Amino acid sequence: MPRVVVLGGGYAGLACLIELYKKDKSLELHLVDADADHCKITNLHKTFQHPLEKFTVSYAELAEKYHFTFHRHRLDFSEQDLARWHQQQKLLLHKAALPYDWLVVATGAAPIQLDAGPGNFGQNELRRGEGKVLLESFLEPWAEEPLQISLVGGGATGVQVLFELHEQLRKKRIPNKLRLIDQNQRLAPSLPEGGHKYIAKKLRWAGIDYLPGTNYLGQTDSQIQLTEMATGHEYTLPSQLTLQFPGVSAAPTTMVTNAYGQVISMGSTLENILSAGDCSRFDSSGLNSLTAQAAVRKGKLVARNIVRLSGGEKPQTYRYQEKGYLVSLGAVDAIGWIGLRCNLVRGFPASVIKDALETQYDLFLDGVDTYLDFL
Ligand SMILES: Cc1cc2nc3c(=O)[nH]c(=O)nc-3n(C[C@H](O)[C@H](O)[C@H](O)COP(=O)(O)OP(=O)(O)OC[C@H]3O[C@@H](n4cnc5c(N)ncnc54)[C@H](O)[C@@H]3O)c2cc1C
């Protein structure tokens with residue numbers, strides 16, 4: 001019975017396991033992940049309001065449903081390890097060997113860390129479920145003076161976190177002054193220009209200060225240090241808390257693959273090691289952005305290719321093209337495009353479509369696959 005080991009149970013890793021389970025019941029499936037639960041991290045900004053558990057599913061439950069063996073283990077590795085794994089066809093977990101016929105590396109991306117000093121908060125803290133605790137901590141000490149909060153990073157994730165926090169602070173009547181600091185001149189660069197304009201207008205309406213072209217240097221006590229990038233002028237502003245969302249980078253590194261998902265390392269193709277998700281860059285015309293929609297499609301494709309290659313068939317090329325992209329701006333507003341980049345959707349209708357995309361992923365985890373691949 002051929003054995004497939006998937007390293008990393010995020011969007012890509014689970015899509016791969018679910019597709020393998022559906023396509024070939026003769027495979028023995030294993031998942032290795034550092035955590036006990038799968039986290040739907042596209043919802044992390046909502047954890048200021050909801051408990052983290054609303055967006056996690058235990059791997060034990062998924063293992064039972066999709067007939068895989070789960071190993072909770074953090075396996076740190078480098079490109080040299082990939083070459084060694086390729087030769088030995090096994091991983092080493094807790095000093096025990098886990099041999100494999102096919103290995104899929106889907107370890108995702110890690111948040112970029114700017115400054116780990118006091119008064120800093122980012123994606124890792126949200127992933128640990130500390131969003132609600134943070135919000136509750138605001139209720140007491142800052143009740144009189146407006147709480148000054150800076151968020152660094154005007155990409156899609158930073159913008160989603162900022163509007164969600166603004167909404168929760170307003171609901172809880174916590175006096176606050178929010179500001180958005182960004183090196184870029186354009187908000188959410190993954191959206192067309194109209195997206196930037198819409199978000200900038202919403203920031204003005206919400207009374208949130210927006211500082212584009214500004215570099216964050218660090219935070220001490222209740223001040224942040226900033227540089228105006230055009231002039232080099234350095235200055236400080238009062239701020240009790242800095243939320244850091246400057247982006248993510250592939251973890252542990254970007255794995256370049258051929259058009260079928262097989263990893264290319266030091267000039268050689270590692271035929272039995274494939275990669276998918278944020279940590280992979282496919283050498284094909286398919287979408288390589290660090291997004292959940294690309295991660296799911298890559299995960300499904302490498303699963304199908306494992307089945308095809310095992311059966312002596314030619315693997316398929318990764319060709320998935322982006323169908324749209326939406327950024328939420330609180331509970332009832334969003335901005336993005338659908339179908340064609342010029343087709344901007346905004347406001348409540350956009351927010352409904354965004355929620356539908358989250359539901360589509362929930363359904364997928366439940367075994368109902370409504371993703372169109374257009375391969
Ligand atoms: C707040 C937020 C909002 C987002 N919103 C959207 C959105 O609206 N739309 C969209 O398309 N994308 C969105 N994204 C991006 C999207 O979440 C990622 O592109 C997606 O999660 C990538 O999936 P992945 O499987 O590659 O990695 P992940 O989902 O990050 O999964 C990686 C898995 O690997 C495990 N792992 C990592 N290293 C190791 C190791 N060494 N050993 C063992 N296990 C390991 C981790 O525990 C994790 O389970 C958002 C991201 C964030 C943070």
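Odds and ends about this structure:
- The ellipsoid equivalent to the alpha-carbon distribution of the stretch 113-246 has semi-axes of 22, 18, 15 angstrom, derived from the gyration tensor eigenvalues as √(5λ) and listed largest first.
- Equivalent-ellipsoid semi-axes of the stretch 284-325, from the Cα gyration tensor, Å, largest first: 22, 10, 6
- With contacts taken as Cα pairs under 8 Å and at least 6 residues apart, the chain reaches a relative contact order of 18 percent.
- Under 12 Å from the Cα of Lys300 - aspartates and glutamates, other chains or at least 8 residues apart: Glu19, Asp369, Asp373
- Candidates Lys171, Lys300, Lys132: whichever shows maximal mean-square fluctuation once the chain is modelled as a Gaussian network with Cα springs under 10 Å: Lys171
- For the stretch 218-308, relative contact order (Cα pairs under 8 Å, six or more residues apart, normalised by length) works out to 19 percent.
- Only helices enter the 222 nm calculation for the chain: every DSSP H run of n ≥ 4 contributes -39,500 (n - 2.57), and dividing by all residues gives -9500 deg cm²/dmol, rounded to 500.
- Computed 3J(HN,Hα) for the stretch 319-329, one whole-Hz value per residue from the Karplus formula 6.51 cos²θ - 1.76 cosθ + 1.60 where θ = phi - 60°, is 10, 4, 10, 4, 9, x, 7, 10, 10, 7, 10, glycine and proline marked x.
- Loop trypsin sites (Lys or Arg not before Pro), the stretch 1-83, which have at most 15 other Cβ atoms in a 10 Å radius of their Cβ (DSSP): Lys25, Arg74
- Built from the Cα atoms of the stretch 124-164, the convex hull projects on average onto 3.4 nm², one quarter of its surface area.
- Bridging of Lys171 to lysines at a Cα separation below 24 Å is possible for Lys46, Lys54, Lys132, Lys201, Lys202, Lys354, once same-chain residues fewer than 8 apart are set aside.
- Whole-Å semi-axes of the ellipsoid equivalent to the chain (Cα gyration tensor, √5λ, descending): 39, 22, 20
- Estimated D of the stretch 23-143 in µm² per second, where Rh is the Kirkwood radius over Cα pairs and Stokes-Einstein applies at 37 °C, 0.692 mPa s: 189 µm²/s
- Note on the stretch 146-213: along the principal axes its Cα atoms extend 34, 19, 18 Å, ordered by decreasing extent.
- For the stretch 222-354, fraction of C-alpha pairs farther apart than 16 Å, in %: 73 percent
- The smallest convex shape that holds all Cα atoms of the stretch 2-63, its convex hull, gives 81 Å³ per residue.
- log₁₀ of I(q)/I(0) at q = 0.14, 0.23, 0.26 Å⁻¹ - the stretch 187-248, Debye sum with one point per alpha carbon: -0.52, -1.13, -1.18
- Largest GNM mean-square fluctuation among Asp283, Asp76, Asp355, using the chain with Cα springs under 10 Å: Asp76.
None of the figures in this text is laboratory data; all of them are computed from the coordinates on show. Bear in mind that the values here come from a model prediction, so they are computed numbers and not experimental data. Here Cβ is always computed from backbone atoms with ideal geometry, including for glycine, and neighbour counts include all displayed protein chains.
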